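The values are calculated or read from the model by the stated rules, or taken from the named source; none is laboratory data. The structure displayed is predicted, hence computed values, not measured ones. Positions of Cβ are generated from backbone atoms using ideal geometry, with glycine treated the same way; all protein chains shown enter the neighbour counts.
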Amino acid sequence: MANIRHSSVHEALIHLAPKWRTVEAMPVAYSFDALEKEVKLKEHLAICDLSALPRFGVKGPNASEWLASNGINVPETVNTWTNLPEDKGLILRLGMGEYLIEYALSHEEPNELRDSLSRGVSSVYEVNRQDAVFVLIGREAKKSMLQVCNIDFDSINYGIRPVLLTQVAAVPVLILPERLEGHIYSFRIWCSYAYGLYLWEELNAIVKELNGGVIGISTLFERS
């Protein structure tokens, strides 16, 4: 049996009494309220903990070719992202030969990639990813981000699917910004596990000020 892991914000979420599920040996807040209420929050402003999603980091001179041999086409440009086949998740290109793959809920392909890599691949190395990962989403999400990040999100070319290396509330982060339908914005944020609780509290305080709330992971991936 795999050792149980906990998100950096597990204790903060316990007090909100969510329904729990286990993903990748980590308890995850599956839902907090009725679907219609969480969907309304998602459209206005919501924050969600995505730390339990399966993810896999890899780097090396032959990483691109190795990923392609495993059926994963990589983004052509550094600091951009694309969808995995069949919308199973995302792949971010963080350098010439470094990638972060993050799967959608209920996919376990990292195990297949690890098995492939364990058989011996020249100049390809796994990167251990122990990130805290959150998403801000809704019509007020961009307004929230402007309070804690110096990037001008109005000037971004969302069409190239950028990945931003910056700071949020003085914490080093990766941000995947998206402009969705209905004037809704989404900002997926990766940071060090050690900074996770602090960053969550900073973001959640802004969400509360703007009449938003916390939603469960199922509202993003299964119930919406």
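Taken together, the residues in the stretch 79-118 that are over 11 Å from residue 55 (Cβ atoms), in a helix (DSSP H, G or I) and not aliphatic (A, V, I, L, M) amount to 9. Residue 180 fulfils the conditions (1) over 16 Å from residue 90 (Cβ atoms); (2) surrounded by fewer than 16 Cβ atoms within 10 Å (Cβ to Cβ) except for a single criterion, (1).
What's the total number of residues in the stretch 155-173 that are under 24 Å from residue 91 (Cβ atoms) and free of Cβ contacts under 8 Å to residues at least 40 places away in the same chain? Break it down stepwise before answering.
As a first pass, look at the stretch 155-173 and keep what is under 24 Å from residue 91 (Cβ atoms): 156-168, 171-173.
Filter again for free of Cβ contacts under 8 Å to residues at least 40 places away in the same chain, leaving 156-159, 166-168, 171-173.
Number satisfying all stated conditions: 10.
Can you find, within the stretch 183-224, the residue that is surrounded by the most Cβ atoms within 10 Å (Cβ to Cβ) among those that are touching a residue at least 60 places away in the same chain (Cβ under 8 Å) and among the β-branched types (Val, Ile, Thr)? Only one residue fits best here, namely 215. Going through (1) buried (at least 21 other Cβ atoms within 10 Å of the Cβ); (2) without any contact (Cβ under 8 Å) to a residue 60 or more places away in the chain; (3) among the charged types (D, E, K, R) one by one, residue 152 falls short only on (1).
Can you tell me which of (1) buried (at least 17 other Cβ atoms within 10 Å of the Cβ); (2) free of Cβ contacts under 8 Å to residues at least 40 places away in the same chain; (3) assigned by TED's automatic domain parsing to the domain that holds residue 185 is the one residue 137 doesn't meet? Among (1) buried (at least 17 other Cβ atoms within 10 Å of the Cβ); (2) free of Cβ contacts under 8 Å to residues at least 40 places away in the same chain; (3) assigned by TED's automatic domain parsing to the domain that holds residue 185, the lone unmet condition for residue 137 is (2).
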